[in-house]
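Colleague: Please find one structure pasted underneath; my questions will follow.
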Amino acid sequence: MRSVALVAVAAPLLHRLSKKNPRPHLPPFSPQGARANIALLGIKTANDLGKVIGAAGIAQNLGALRALATVGIQQGHMKLHCKNLAVQAGAAPDEIAAVVDKVVSSGERITGSACAAALEALRDDKAKASAFDALKV
């Protein structure tokens, strides 16, 4: 995430360095956050800054390719959406993963009512299991 923020801050600085300041040091009018990031990275020239921006862009592209090649962006997003819906339905932290697995594996649309129904079914199963365990003793 730091590299993405750095790219957003550094692109205007790169332009300023190449246009207004022929010397390879940082301009005094850069924002404090940009100055801190640039100092942290040890950037001395506009060429170094350009390399960092390029590297951040390549890293973003590789991350997007990885998402497309593995589970896919939409599937990962829908799983995250399902987690949020499970929390809204009232799932406890230890129940969230089970609710998400139940809804995603069912193949039905991921909705608030589907997550609520899965949570209710999960709690019913837990209640039945604990009642069965009580009978065994």
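Colleague: Show me the ranking of peptides 114-120, 88-94, 61-67 by mean Cβ neighbours inside 10 Å, starting with the highest.
Modeller: Working: 114-120: 20.3, 88-94: 12.9, 61-67: 10.9.
Descending mean neighbour count gives 114-120, 88-94, 61-67.
Colleague: Fewest Cβ neighbours within 10 Å first, please rank Val103, Val52 accordingly.
Modeller: Numbers: Val103 25, Val52 19.
With the fewest neighbours first, Val103, Val52 line up as Val52, Val103.
Since every read-out is calculated from the coordinates, none of them should be taken as a lab result. Since the model is a prediction, treat every value here as computed from it, not as a measurement. Here the Cβ is made from the backbone with ideal geometry for all residues, glycine too, and neighbour counts use every protein chain on show.
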